[in-house]
Amino acid sequence: MLAATPFGARATGGVWCDADDPNLAFHFSAASSRDGTGGWFNIAGSLEIKSPGALPANLAEFKIGDADLSERWWDDKDVRLKIDQIGTETQNFASVQLLVISKSVEEEDYRGTYDLRLTLPDGTIHHKNGAVACSAD
């Protein structure tokens, strides 16, 4: 016998973003409730910086987890992500910041740009930009 509950079934959807160009190889995915009332979960991905310069190896390529996703946004108009990875004190706090901003071009399809900011151990800052494609349902 099935019991009726006041809570309806919540279907899950998700967000996926990809970019692969001379600057980086980036993949991101996360699941969320389609009605937008829940948080994001099963956050996964990777970022490989193809020309990292003097960036420490652990920042030049890393897996993306929940702790790295400092900002997130998804609605029928935009998908936005901010991913941060900070080096250790012995790496002079070198860091990587990836900002993804994409706009809806049709249902479930988003296109936009990324801005990759690299802070090297000597304090030098480099910016790299490119195209990104996202999907969401």
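The values are calculated or read from the model by the stated rules, or taken from the named source; none is laboratory data. The structure displayed is predicted, hence computed values, not measured ones. Backbone-built Cβ (ideal geometry, glycine too); neighbour counts: all protein chains shown.
General remarks:
- If the condition is being under 9 Å from the mean Cα position of the chain (by Cα) and aliphatic (A, V, I, L, M), then region 60-80 contributes ILE64, LEU69.
- Strands (runs of 3 or more DSSP E) wholly inside region 64-124 containing at least 1 residues that are among the hydroxyl-bearing types (Ser, Thr, Tyr): 69-74, 95-106, 109-119
- Evaluating THR90 against the criteria (1) loosely packed, with under 14 Cβ neighbours inside 10 Å; (2) under 15 Å from TRP16 (Cα atoms); (3) polar (S, T, N, Q) leaves one unmet condition, (2).
- Residues that are free of Cβ contacts under 8 Å to residues at least 24 places away in the same chain and in contact with a Gly (Cβ under 8 Å, 6 or more places away or on another chain), drawn from region 102-123: THR113
- Checking each residue in region 102-130 for being touching a Ser or Thr at 6+ places or on another chain (Cβ under 6 Å) and hydrophobic (A, V, I, L, M, F, W, C) picks out only ILE125.
- Whichever residue in region 125-137 is assigned to a strand (DSSP E or B) and exposed (fewer than 14 other Cβ atoms within 10 Å of the Cβ) and, among such residues, is farthest from the chain's Cα centre (by Cα): ILE125
- Top-ranked residue of region 31-41 - restricted to ones that are in a strand (DSSP E or B) and touching an Asp or Glu at 6+ places or on another chain (Cβ under 9 Å), ranked as farthest from VAL100 (Cα to Cα): PHE41
- Extreme residue, modelled with the lowest pLDDT, among residues of region 57-103 that are of a type in the set (Val, Ile, Thr) and farther than 20 Å from THR113 by Cα: THR90
- Region 69-95, residues that are touching a residue at least 24 places away in the same chain (Cβ under 8 Å), within 19 Å of CYS134 (Cβ to Cβ) and not hydrophobic (A, V, I, L, M, F, W, C): ARG72, ASP75, ASP76, LYS77, ASP78
- Residues that are among the basic types (Lys, Arg) and within 18 Å of TYR110 (Cα to Cα) within region 14-66 comprise just one, ARG34.
- Residue count for region 95-108, restricted to those that are in contact with a strand residue (DSSP E or B) (Cβ under 7 Å, 6 or more places away or on another chain) and surrounded by fewer than 15 Cβ atoms within 10 Å (Cβ to Cβ): 3
- Residue check for ASP84: touching a helix residue (DSSP H, G or I) at 6+ places or on another chain (Cβ under 9 Å), closer than 16 Å to CYS17 by Cβ and surrounded by fewer than 16 Cβ atoms within 10 Å (Cβ to Cβ): yes
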